[in-house]
Amino acid sequence: SKRLLSKAQQQNSVVSMTLLDLDHFKQINDTYGHQIGDWVLREVVRALSDVCDDTMTLGRLGGEEFGIVITDCNAERGLAVAEACRAAIENISSKPTGHRFTLTASFGVADTSQAGYHFENVSSACDLALYQSKQYGRNRVYEYDSKMNPI
């Protein structure tokens with residue numbers, strides 16, 4: 001992603017980044033076991049992949065956190081993609097597991113016009129927006145705003 005950002009900076013194009021975190025994933029793991037947890041992660045990747053096109057790079061950042069980097073894309077389009085991803089995750093049916101639960105995720109979106117081209121800065125901006133999303137009830141998409149208080 002750092003390579004992608006420096007290339008975008010050279011071309012003066014905007015890159016959008018989204019961080020998402022599955023809500024209450026630990027609870028699903030603890031309640032239904034790790035096999036169900038693994039199934040959830042696979043389904044989430046499938047749902048996100050369905051939304052993502054070839055301008056988007058999807059990655060798992062560890063645990064239940066994922067990132068999406070979109071080239072030639074401002075936060076406005078990034079928000080629309082994040083919203084589509086949010087809906088896709090919420091629409092995953094738990095039926096195949098034999099259990100009933102709903103999956104949701106919280107999202108934070110930022111772009112290089114807001115945060116610059118340093119990976120750490122864009123990533124922190126997303127983190128801040130993601131934190132807001134969790135603070136204000138989860139299962140929602142927040143965009144980074146420079147007026148947000150640092151954590």
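The values are calculated or read from the model by the stated rules, or taken from the named source; none is laboratory data. Bear in mind the structure is a predicted one, so any value in this text is a computation, not a measurement. No Cβ is skipped: glycine too gets one built from the backbone with ideal geometry, and neighbour counts run over all protein chains shown. With ligands, DNA and RNA removed, areas are computed over all heavy atoms of the protein, side chains included. Shrake-Rupley method; radii C 1.70, N 1.55, O 1.52, S 1.80 Å.
Which aspartates and glutamates have a Cα less than 18 Å from the Cα of K7, not counting those fewer than 8 places away in the same chain?
Filter leaves D54, D72, D111, E120.
Relative contact order for region 1-73: what is it in percent, counting Cα pairs under 8 Å that are at least 6 residues apart?
On the way: 71 pairs, mean separation 33.5, N = 73.
Relative CO of region 1-73 lands at 46 percent.
Just the number, please: carbon plus sulfur as a percent of the accessible area of region 29-151, 1.4 Å probe, no ligands or DNA/RNA counted.
Working: 2980 of 6630 Å².
Carbon plus sulfur share of accessible area: 45 percent.
Take peptides 102-111, 122-131 and line them up by average Cβ neighbours within 10 Å, highest first, as a rough protection proxy. Spell out each step's value before the answer.
Working: 102-111: 24.3, 122-131: 22.3.
Taking the mean over residues of other Cβ atoms within 10 Å, the ranking is 102-111, 122-131.
Under 8 Å for C-alpha pairs, at least 6 residues apart: give me the relative contact order for region 21-125, rounded to a whole percent. Provide the component values of the computation, followed by the final result.
Details: 103 pairs, mean separation 28.2, N = 105.
Value for region 21-125: 27 percent.
Among all stretches of the chain without exposed trypsin sites (Lys or Arg not before Pro) (DSSP loop, at most 11 other Cβ atoms within 10 Å), which one is longest? Can you show the working numbers first?
Working: sites that count: R100, K147.
Within the chain, the longest run free of exposed trypsin sites (Lys or Arg not before Pro) spans 1-99.
When a/c reaches 1.5 or more, the comparison of a/b and b/c decides; with that in mind, is region 36-111 rounded, prolate or oblate per its Cα gyration tensor? It would help to have the intermediate numbers written out before the result.
Numbers: a/c = 2.27, a/b = 1.98, b/c = 1.15.
It comes out prolate by the Cα gyration axes.
If I model a spin label as a point 7 Å beyond the Cα along the Cα-Cβ vector, how far apart are those points for D30 and R100 in nm?
In this crude spin-label approximation the distance works out to 2.2 nm.
Straight-line reach from K134: which aspartates and glutamates have Cα under 19 Å away, leaving out those fewer than 8 places along the same chain?
D21, D23, E64, E65, E83, E90, E143, D145
Can you show me the helix-derived [θ] at 222 nm for the chain, built from DSSP H runs with n ≥ 4 at -39,500 (n - 2.57) apiece and divided by the number of residues, rounded to the nearest 500. Write out the running numbers ahead of the final one.
Values: 6 runs with 73 residues, N = 151.
After summing the helix terms and dividing by the residues of the chain, the value is -15000 deg cm²/dmol.
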